[in-house]
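Notes follow the structure.
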Amino acid sequence: MRPVTATALIAGALVCIVATPAQAAEYNSALKVRGVQYDAPGRDSNSCSSGNTDEEYLTVKNYSSTATINLKGYVVKDATGNRFTFTASHYLQPGDYVKLRGGHGTDSDTRNVVYRDNCNFLWNNDRDTIYLYKPSGSRSDVHSYTRSGSDPDGNGYIGYHS
């Protein structure tokens, strides 16, 4: 029985060693997509003067308990390649978040908002996948949604990440 037990223990240890790096690689960043308001309330209008693109937003949160993260250089992309790059410094303290809104406005650390300065909608109303990349180019998070699957009440805001 001892050889079988030792073999089982070694096999179990190898599974732990092999499984751990895959999970760690997937969640190697404290910065994650917390949720998305992908379907702005009302009739979609991307008019810069009277549209509602500022009501479409992505919430990015710093889940670290100790590290402050500068968003400068982070990139947000969707499944079709639409992208936004944080070009200015915006610091997220531990537990802090920012809403990346469409339209034009004044970025504000105190109001936790950054504007894309673009009046076109970015997220699809029925389904999309959102990728968050670090300035180094490595992936920080992936967030997918479907209106029927992950947002059954249809309110356009879901707060989880994959």
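The values are calculated or read from the model by the stated rules, or taken from the named source; none is laboratory data. Predicted model, so just to flag it, every value in this text is computed and none were measured. Cβ: placed from backbone, ideal geometry, glycine included. Neighbour counts: every protein chain shown. Accessible surface areas use protein heavy atoms only, side chains included; no ligands, DNA or RNA. Shrake-Rupley method; radii C 1.70, N 1.55, O 1.52, S 1.80 Å.
When segment 29-63 is examined, which residues are found to be touching a strand residue (DSSP E or B) at 6+ places or on another chain (Cβ under 8 Å) and among the small types (Gly, Ala, Ser)? Scanning segment 29-63 gives Ser29, Ala30, Gly35, Gly51. Would you check if Asn46 is within 27 Å of Asp126 (Cβ to Cβ), open to solvent by 70 Å² or more (accessible area, probe 1.4 Å) and more than 14 Å from the chain's Cα centre (by Cα)? Spelling it out, Asn46 is indeed within 27 Å of Asp126 (Cβ to Cβ), open to solvent by 70 Å² or more (accessible area, probe 1.4 Å) and more than 14 Å from the chain's Cα centre (by Cα).
For segment 55-73, the set of residues classified as without any contact (Cβ under 8 Å) to a residue 60 or more places away in the chain, within 15 Å of Val114 (Cβ to Cβ), crowded, with 16+ Cβ neighbours inside 10 Å and not charged (D, E, K, R) consists of Tyr57, Asn62, Ile69, Leu71, listed by residue number. Consider segment 45-58 and keep the residues that are over 25 Å from Ser29 (Cα atoms) and part of a loop (DSSP other than H, G, I, E, B). The one that is modelled with the lowest pLDDT is Asn46. For the structure I just gave you, tell me whether Asp126 is open to solvent by 60 Å² or more (accessible area, probe 1.4 Å) and either among the aromatic types (Phe, Trp, Tyr) or over 21 Å from Tyr38 (Cβ atoms) (or both). No; evaluated as a whole, the condition is false for this residue. Of the residues making up segment 30-43, those that are in contact with a helix residue (DSSP H, G or I) (Cβ under 9 Å, 6 or more places away or on another chain) and either aromatic (Phe, Trp, Tyr) or surrounded by fewer than 18 Cβ atoms within 10 Å (Cβ to Cβ) (or both) are Pro41, Gly42. Across segment 59-73, not a single residue is classified as modelled with pLDDT under 95 and farther than 17 Å from Ala30 by Cα. Within segment 98-123, take every residue that is surrounded by fewer than 19 Cβ atoms within 10 Å (Cβ to Cβ) and among the basic types (Lys, Arg) and give me the one that is farthest from Lys77 (Cα to Cα). The extreme case among them is Arg111. Filtered by the rule that a residue be touching a Phe, Trp or Tyr at 6+ places or on another chain (Cβ under 9 Å), in a loop (DSSP other than H, G, I, E, B) and without any contact (Cβ under 8 Å) to a residue 24 or more places away in the chain, segment 80-116 gives Thr106, Asp107, Asp109, Asn112.
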